[in-house]
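Here's the structure, in structure tokens; my notes come after.
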Amino acid sequence: MNKTGKIIRLALIGGGHRGIHMINCMTGGDPARAELIAVAEPREDRREDCRKPFTIPPERYYHDHKDLLSHLDELKLDAVLIATDVATHHDIVVACIDAGLSIFLEKPITRTVDEAANLVKITEKAGIPLQVGFSLRYSPFFVKLREIVNSGTLGTIISLDWTEAVSLRHWTECYCRNPSYNNRATVGSWILEKSSHDMDQLNWILDKPCLWVSCFSPRSFFVPATAPDVPKKCTDNCPRLDDCPFAYVPEATGMSDWLTPDQLDVCVYHCESDLPDRQVAIFEYEGGVTATFNLMPLVFEDNRWMTIYGTQATLRGSAEDRRISVQDVTTGVETIYHTPFEADEHGGADVPTAKAFLDFLIDPTSVP
Ligand SMILES: NC(=O)c1ccc[n+]([C@@H]2O[C@H](COP(=O)([O-])OP(=O)(O)OC[C@H]3O[C@@H](n4cnc5c(N)ncnc54)[C@H](O)[C@@H]3O)[C@@H](O)[C@H]2O)c1
């Protein structure tokens, strides 16, 4: 409910996996503080996906954001959740700001710095609340990590190493085979799409401006030259099918659920992706703090691990294990922290992310 005691009236723009999940996080509270009023989604198959979890009437489905915004008089919306692909974010946000709606915008903000700067400028000018879906800021693990850094236990931070490791199935199903994510025209760049969370975390934790960045991002292994003898589809009598770790998984599970049968068996060496197949970056922050970042596919489980080097202690964290160790550099004494397990996407971050947005709409003074 907002300050007037009314349930917040929300619309979803972009009925893909993420939009459905985040709307459920926003409307699922008990008692519910928000209600889904309408959905804008051009694809019929995606509208069908929305009809399963949502109970809104058929006339409340609109073709796209423009169609939805042309019905504002009858919809009486308070806010929108924008979960479309990043290439569309700038124009949709501009249209929603013109309409005076509060906005939850999924990360990344936009594909280019100029577009992002423009959105910041016009959002501030309009005085419209806009929250970006940097959900890791609400994950118990990253909240604890930042709390330790801010407590001063590590002393002065000199340097930091950070890795985002993407599991084999996440890499093959999402970034090789899924056209929503496997090309720069749609996602901007792989590091922007996959690791804008991590770039946000580096800035959030170090709390200083970054002065210099250098980055290397080849695609050299998942290319036709690595496997010139195989067909473009795993199911087209591929001679390596039985021992290829990247072969398709016939029964759709997890990431594969979002692939059509036609996409499921595309060969990872011959897919149309133009993304790099690994990425490393080095940074210098104000005051000489250095950082390295490694975006790496091909581990068993998705994970993020990091080492933060301070003058008094070294912090080592593993997000998937929800474990942080802080070791004194002179005595070797180690303190271990375990953060709680949350059976949700992003380590329990999505529900508190949604809650923060609703809290702000209900009472802007309640959010620091
Ligand atoms: N915060 C997180 O951790 C997290 C996790 C996953 C995805 N995301 C982000 O969420 C966004 C959506 O991800 P997804 O996996 O659901 O993508 P998706 O491509 O599967 O779904 C996006 C949907 O938006 C629809 N769409 C495009 N233009 C539209 C318009 N003008 N009006 C209405 N609908 C439109 C498309 O038809 C598509 O169904 C992306 O920006 C992605 O980076 C964030």
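Rule-based calculations on the coordinates, nothing more; no lab input. In this text the structure is predicted, and so the values were computed from the model without any measurement. Cβ sites come from the backbone with ideal geometry, for glycine too, and all protein chains shown count toward neighbours.
Side notes on the structure shown:
- GNM top mover of Leu358, Leu145, Leu241 - the chain, alpha-carbon springs below 10 Å: Leu241
- Residue with peak Gaussian network fluctuation, the chain [Cα springs, cutoff 10 Å], from Val280, Val213, Val289: Val213
- Two-site FRET efficiency, Ser214 against Asn237, from Cβ-Cβ distance with R₀ of 45 Å, rounded to 0.05: 0.50
- Proximal aspartates and glutamates relative to Lys76, as straight alpha-carbon distance under 18 Å, when same-chain residues fewer than 8 apart are discounted: Glu35, Glu59, Asp64, Asp67, Asp98
- Percent RCO, i.e. relative contact order, over segment 140-341, from Cα pairs under 8 Å lying at least 6 residues apart: 36
- For segment 213-312, alpha-carbon Rg over 2.2 N^0.38 Å: 1.45
- Highest-fluctuation residue, Lys125, Lys144, Lys232 considered, GNM on the chain with Cα pairs under 10 Å: Lys125
- By the beta-carbon count within 10 Å of each Cβ, the least crowded to most crowded order of Cys50, Cys25, Cys244, fewest first, is Cys244, Cys50, Cys25.
- Alpha-carbon Rg/Rh ratio, for segment 140-341, with Rh computed the Kirkwood way: 1.05
- Segment 275-346: relative contact order as a whole-number percent, Cα under 8 Å and 6+ apart: 17
- Charged side chains reduced to their Cβ positions (Lys and Arg at +1, Asp and Glu at -1) give segment 144-254 a dipole of some 240 debye around its Cα centre.
- Virtual spin-label span in nm between Ile122 and Val367, 7 Å along Cα→Cβ: 2.1
- Estimated from helices alone, the mean residue ellipticity of the chain at 222 nm is -8000 deg cm²/dmol (sum of -39500 (n - 2.57) over DSSP H runs with n ≥ 4, per residue).
- Distances between every pair of Cα atoms in segment 234-368, grouped in 10 Å steps from 0 to the bin holding the largest one, split as 9, 21, 27, 25, 14, 4, 0 percent.
- Computed over the Cα atoms of the chain, pair by distinct pair, the Kirkwood hydrodynamic radius stands at 22.4 angstrom.
- Kirkwood Rh (inverse of mean 1/r, distinct Cα pairs), segment 28-90, angstrom: 12.9
- Spin-label model distance (nm) - Ser180 vs Gln327, 7 Å beyond Cα toward Cβ: 4.1
- Taking every DSSP beta bridge that has both ends in the chain, the antiparallel portion is near 55%.
- Qualifying aspartates and glutamates (Cα of each under 12 Å from Cα of Lys208; at least 8 residues distant if same chain): Asp200, Glu284, Glu286
- Nearby aspartates and glutamates by direct alpha-carbon distance to Lys232 (threshold 14 angstrom, same-chain neighbours under 8 apart not counted): Asp262, Asp265, Glu272
- Computed from backbone phi with θ = phi - 60° and the Karplus coefficients 6.51, -1.76 and 1.60, the 3J(HN,Hα) list for segment 328-333 is 5, 6, 9, 9, x, 5 Hz; x is used for glycine and proline.
- Which of Ile336, Ile148 has the fewest Cβ neighbours within 10 Å, and the rest in rising order: Ile336, Ile148
- Computed on the chain, with alpha-carbon pairs under 8 angstrom and 6+ residues apart, the relative contact order is 19 percent.
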